[in-house]
Each structure stands twice: as C-alpha cells, then as structure tokens.
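Visitor: Before I ask anything, here is the structure I am working with.
The values are calculated or read from the model by the stated rules, or taken from the named source; none is laboratory data. Just so it is clear, the model here is predicted, and its values are computed rather than measured. Heads up, the Cβs are rebuilt from the backbone with ideal geometry, glycines too, and the neighbour counts pull from every protein chain shown.
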Amino acid sequence: MPNMPQLNSLHYGDCLEVMKQWPDESVDLIYLDPPFNSNAKYHQLYDTGDDNRGTRDAQLQAFDDSWKWNATAAARVQNLCDALAHPAHKVINSFLEWPGESGMLAYLSYMAERLAVMHRLLKPTGSLYLHCHPTASHYLKALLDCIFRPENFRNEIVWGYKGPSNAKRWFPRKHDIILFYGKTKSAQFYPDGVRVAYNRITGTGNTSLARGNRTPEEVQAIEAAYAKRGKLVEDYWSDIPGAGHMPRHERLGYPTQKPLALLERIIKASSKEGEVVLDPFCGCGTTMVAADKLSRKWIGVDISPHALEVLKVNRFAGQAIPTSGIPADFAGAAQLAKDNPQHFEIWALNCASQGFAPNEVQTGDHGIDGRGYMITQPDGMDTKLVLAQVKGGKFQLGQLRDFLWTIEREKAAMGIFITLHPVTSRNAQAEAQHLGNVTVGTETYPRVQLWSLTAYFENEKLHLPDMKNPYTGRPLQPTLQWVL
C-alpha cells in the first residue's frame, strides 16, 4: 500500500518514480517549473576573471534543456499510444500527427507521464500550476486539458518582466506562462490572500479599473471597496520582477531561479496553512522556502543531488531536512556510485565542499570533476584554482598519477582526490605529498589531499582554505543563512 512521504522532506530521483510510491489525493497544491523545451542550454559561469588565467572557463551546466527524438522517446510515446486508459492517450496520438516525431514530442510525452501521476496525487480541492515557456505552452495546455479536463482550466497567467534583450528579428521575449488548473470544480481559491493595493488616482492595481458604462457613483463605490480590501490580482503579473532583478539576498546563481514573491502569490492563492505543497522539479528550492515561510507543509523532488545539497545547506542551514534517495551512510554512497556514477560524483563534490562547481560533461573533461576558487591567492602562485576528481570504484594508482599530471597541466593551486574508501597505499600517499604544500595567509595546506566518503561519514572534514561560492563569486560562508 502506498505511503505518504514524510512532510517537509526532500527526495532524490526521477519525480515519476518517486511520486508513484505515494497515495492518491494526498497533496493540496502542486507547482512545477520543469525544464522548458526552449532548445537552449543553460550554463552557470562563475568566477571567470583574471584568477583563472591559463585554465578553461569553469562551467556548471544547470541542465541541458533540449529534447531529442530517440529510441527512449519513441518507446515512451508508443507506450502512451497503447495505453487506452491513460488520460493523455488521445492527445499524444494527435501529437504524432503534429508536431510529429520530434524533440517536442519527446518532451511532451515525458511531461504526460508525470502530469498524470500529479493529477492522481491531488486532492479534489487541489490545484496545479505549471510554469512553462511560450515555445511549449500551447502544447502543454492541450495536454493538461486532456488530463485535467477543459472545465477545470482556471487561468493562463502571464508573468511579464523586464531585462536586456539582443532581439533583432522579433519583439523582446519577456514573459513566461503559468497554466493554472483545478483537480475538480471544487478546487479551492483564496482571493483575499492575493489582493494588491489599488491606486484611486491612477485607477491601477495590477491593471486599471474598467469603467465602461458605470455611473460615477458606481465607480466611486468600487474604488472605495478596492481601497479598503485591495484589488484581486489579475492574470497578467508585471509587479514581480524577473530573476535578474530579484533582491540580492535571494540570488543563488541558478539561471532559471524564480523570485520568492512569485511562489508566495501562488501558494497563498491555492492553499491554507498546514496544507501540503509539492514541487516535483524543486531545483534550488524557492517553492520549499516560500511554503515554509507561509506555514505550509512541503515536499520537494529533484533528479540532481547537487540541487538538493545546495538547497539544504544554503536555504535550510542548520535544519535536519529528511532526504530520501541521497546517501545517509556509506552503504548508500556505494550504491549510488554503482547505480549512477555521474550523480555520485556531484554528490561527493558537495560533501567535500560547497565551493566546487561540478563538471557535468562526462566526455572530454580532462580528468576534472569539479573546480573551485580560493578567496586568497596562495603565496608564490598565479592562481586560486582548486581542482577535484571523484572515483567511485576500486582505487588505482594510475588514476591518481593522471590527476597529479592534470593539476600540473592546469597550473592549479590545489587538488582534491576523492574516493569511496580511504587510500592507504604508501606509494599513493608519497606521490601526493611530492607536490608539496601551499601557504594561504598564515595557514599551510597540502597541495594535494586524498579524502574519502568514509571520512565524510566519520565527520572528518577536508583542510581547505576559504573558498568562493560558485553561484555568486562571493566568499562561501561556513554556514550559509537564508535571509527572507
């Protein structure tokens, strides 16, 4: 029998597989901001100034937001076409005609599987808000009509924002779409939670008051009511700035991060205190922070262990947040290394230091799994660069030798070699020590350190100089406090 997950918890994995384990009608509100099919690749560049002369630019690939038609997509579409009882069966069949076998259909079939499970999880009084890009919003609306039914469509919300643009062949594209559906006609909506101040002089709240054929007395009465209660925000939201104009204390450096105010409005509109908010693509965790601030219970899911670790450390610092799927002991670490080596590498880097940006490119990485920068340049060196390599299998001396060569080639100040088990080989320890020490301020550090996940679970920390935050370029605090 499916069990309700622990509330105020995080879950690592594909949200489809995670959500399948949960019971029907157990969630009050779902907000999702899945990867858009915008045919773009989002990269987080950090600290690419003079400090990294002679090195390649360090990049954290937040996600490769492109979808390709391949054997996996074809099998997924075929399964949906064969599943006569699946709520998206008819619309996926129609998508085979147009847009046809394409990256867009790969994306839409991926979303169809997950949206059907989300519909099952929602209570009859619950609602779903799907944040999407105009390149896919019209297809997603048809998909939602099929799964949620057209009569449960509530709004197509336009979130408009300002910012620079290089557009030369069209008007600058400065809005996202948020599709709002109820589970049933009984879905709750709380207008008093989302009212805005009304300006009697200009007639503006979120937009102006339409006077039409109203008499002056009627207009005056409406304005008086607005002045007292505020005006219900309309379906065009231009009063919440985009990511580039968020308050400084909110910014984590994620290219697709959403403002806290945006999530607060959604949560206030469609949930009450104590109700359960789910974000199945929680990323850097704005939904979780907003829900927690507004006294809602919350559940977050993400397929990136890096995102969940950053969320816990940066946004819920000092709190014991239950996290399933992420290793809680050495056995779990060994299993993750076996099941998903790439995610193991990213998770292990975060265990070592929040100052490393993982290299998610698995080919042509030149033996580098993570890069970071010290705050202070070591004595006698021209760089602040720190490199890291992660090995989840059995230790081999040749791997360490290759990494030592990479450190020299990249002219890095330091290197961290991370393994599952401690490296006990005297030859390995001697070769690591051969590169000597570095001095940063008044402290001396081994230029190369051997560190293991065994040490991590025994609370043995790396001896590292102060590092920069890879998302902001500012000093990485020992414990990052989230300021609301």
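Visitor: Residues of the stretch 155-173 being of a type in the set (Phe, Trp, Tyr) and over 23 Å from the mean Cα position of the chain (by Cα), which ones?
Guide: Correct list: Trp170, Phe171.
Conditions (1) outside any loop (DSSP other than H, G, I, E, B); (2) buried (at least 20 other Cβ atoms within 10 Å of the Cβ), marked per residue:
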position	(1), (2)
Met288	yes, yes
Val301	yes, yes
Leu311	yes, yes
Ala317	no, no
Ala331	yes, no
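Visitor: Suppose the filter is in a helix (DSSP H, G or I) and closer than 19 Å to Tyr456 by Cβ; does Lys268 pass it?
Guide: No: the conditions fail for Lys268.
Visitor: Trp451 fails exactly one of the following numbered conditions: (1) in contact with a strand residue (DSSP E or B) (Cβ under 7 Å, 6 or more places away or on another chain); (2) closer than 30 Å to Ala243 by Cα. What is the number of that condition?
Guide: The failed condition is (2).
Visitor: Return a yes/no flag: does the stretch 297-319 have any residue that is at pLDDT 90 or above, out of contact with any Pro (no Cβ under 8 Å at 6 or more places or on another chain) and of a type in the set (A, V, I, L, M).
Guide: No, that holds for no residue.
Visitor: Look through the stretch 168-212, keep the residues that are modelled with pLDDT under 90 and of a type in the set (A, V, I, L, M), and return whichever of them is surrounded by the fewest Cβ atoms within 10 Å (Cβ to Cβ).
Guide: Ile201
Visitor: Okay, moving on. Among all residue pairs at least 6 apart or on different chains, which show Cβ distances below 7 Å where the first residue, located in the stretch 368-390, is in the same structural domain as Glu408 (by TED's automatic domain parsing) and assigned to a loop (DSSP other than H, G, I, E, B) and the second is crowded, with 23+ Cβ neighbours inside 10 Å and of a type in the set (Asp, Glu)?
Guide: Going by the 7 Å Cβ cut-off, the qualifying pairs are Asp369/Glu345.
Visitor: Examine the stretch 340-353 for a residue that is part of a loop (DSSP other than H, G, I, E, B), farther than 28 Å from Cys132 by Cβ, out of contact with any Cys (no Cβ under 6 Å at 6 or more places or on another chain) and modelled with pLDDT of 85 or more, and state whether such a residue exists.
Guide: yes
Visitor: Applying the selection to the stretch 361-391, what residues are at pLDDT below 95 and of a type in the set (Gly, Ala, Ser)?
Guide: Answer for the stretch 361-391, where residues must be at pLDDT below 95 and of a type in the set (Gly, Ala, Ser): Gly364, Gly367, Gly370, Gly372, Gly380.
Visitor: Moving to a separate point now. Name the residue that is modelled with the lowest pLDDT, counting only residues in the stretch 320-329 that are of a type in the set (Gly, Ala, Ser) and surrounded by 13 or more Cβ atoms within 10 Å (Cβ to Cβ).
Guide: The residue in question is Gly325.
Visitor: State all residues of the stretch 395-424 that are of a type in the set (Ser, Thr, Tyr) and exposed (fewer than 14 other Cβ atoms within 10 Å of the Cβ); if no residue qualifies, say none.
Guide: Passing the criteria: only Thr424.
Visitor: Just a yes or no: is a residue in the stretch 442-454 under 16 Å from Gly415 (Cβ atoms), buried (at least 20 other Cβ atoms within 10 Å of the Cβ) and of a type in the set (Gly, Ala, Ser)?
Guide: Yes: the stretch 442-454 contains one or more residues that are under 16 Å from Gly415 (Cβ atoms), buried (at least 20 other Cβ atoms within 10 Å of the Cβ) and of a type in the set (Gly, Ala, Ser).
Visitor: Here's another thing I want to ask about it. If I filter the stretch 159-196 down to residues being free of Cβ contacts under 8 Å to residues at least 60 places away in the same chain and among the small types (Gly, Ala, Ser), which single residue comes out as farthest from Tyr31 (Cα to Cα)?
Guide: Only one residue tops the list, namely Ala167.
Visitor: Something else about it: Could you say whether any residue in the stretch 437-454 is over 27 Å from His343 (Cβ atoms), at pLDDT below 95 and assigned to a loop (DSSP other than H, G, I, E, B)?
Guide: Checked the stretch 437-454: at least one residue is over 27 Å from His343 (Cβ atoms), at pLDDT below 95 and assigned to a loop (DSSP other than H, G, I, E, B).
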